[in-house]
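Scroll down for the structure; my scribbles are underneath it.
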Amino acid sequence: MCRPASITKSTRSARDFNPKTLITSEATAWKRDRSFKWNDDLFWGLYNNWYGTFKYGGTAALQWNLVLDHNYGPTPRKDSQAYGIVTVNTDTYQESKMEREFYGMGHISKAIGGGGNLIESILHEGGKPSAQLRTLAFKRTDGSLGLFVINKSPKSNAKLTIEYRNLTFDVIIPKYSLATYEWSELK
């Protein structure tokens, strides 16, 4: 499926066409896009590929350009300026750089674990949906749970109370950040 710029427009099809499998893909950032702030581009990737895919019923989110060299390749395109999730300096092979998409993909992958299924996570502030936080919760094949949290506010930290059965704990999610929590199923 080739999706338009808005994830919510394309992901309605996941609900409309179940039990079909919806898999999204996205290329990594381009050099000319470096005018965005680091977190802005990271959050764009999260909302439009990884977070958005699972939130709206998709089963997998793929990322192109896992590892590229410092010359934006290898690629058959002569005009490529794509960054990899990891960029390797192939002049010396002595340095590599984890790009912004690496961190987003790492957090959400950790929350999903191997073969995790999306479960409901309810997020509210004083009885209203949270404007600042976004969450995805997963139950993994081994019975453990993963919770992925985005604080989209560039200005303020957010307090989050996580409740699951007999478990309750409070955490502070720093402004404009990601967090992943894991715990075993309670007996």
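Of all residues in segment 35-65, those satisfying the criterion of being without any contact (Cβ under 8 Å) to a residue 24 or more places away in the chain and either loosely packed, with under 13 Cβ neighbours inside 10 Å or within 15 Å of Thr21 (Cα to Cα) (or both) are Ser35, Lys37.
Inclusion of Leu178 among residues that are in contact with a helix residue (DSSP H, G or I) (Cβ under 6 Å, 6 or more places away or on another chain) and in contact (Cβ under 8 Å) with a residue 40 or more places away in the chain is warranted. The requirement of being within 19 Å of Val67 (Cβ to Cβ), touching a Ser or Thr at 6+ places or on another chain (Cβ under 6 Å) and of a type in the set (Val, Ile, Thr) is fulfilled somewhere in segment 88-105, by at least one residue. Residues that are modelled with pLDDT of 65 or more and not β-branched (Val, Ile, Thr) number at least 3 in the following helices (runs of 4 or more DSSP H) confined to segment 3-57: 38-45, 51-55. Could you check how many residues of segment 102-137 are within 13 Å of the chain's Cα centre (by Cα) and more than 30 Å from Val88 (Cα to Cα)? Residues that pass the stated criteria total 4. Looking across segment 164-185 at every residue that is assigned to a strand (DSSP E or B) and of a type in the set (D, E, K, R), the one that is surrounded by the fewest Cβ atoms within 10 Å (Cβ to Cβ) is identified as Asp170.
Within the option set Ile119, Ile108, being β-branched (Val, Ile, Thr), touching a residue at least 40 places away in the same chain (Cβ under 8 Å) and in contact with a strand residue (DSSP E or B) (Cβ under 7 Å, 6 or more places away or on another chain) holds for one residue only, Ile108.
The values are calculated or read from the model by the stated rules, or taken from the named source; none is laboratory data. Here the structure is a predicted model, which is why all the values come from computation and not from measurement. Because the Cβ atoms are built from the backbone with ideal geometry, glycine has one as well, and the counts that use them run over all protein chains shown.
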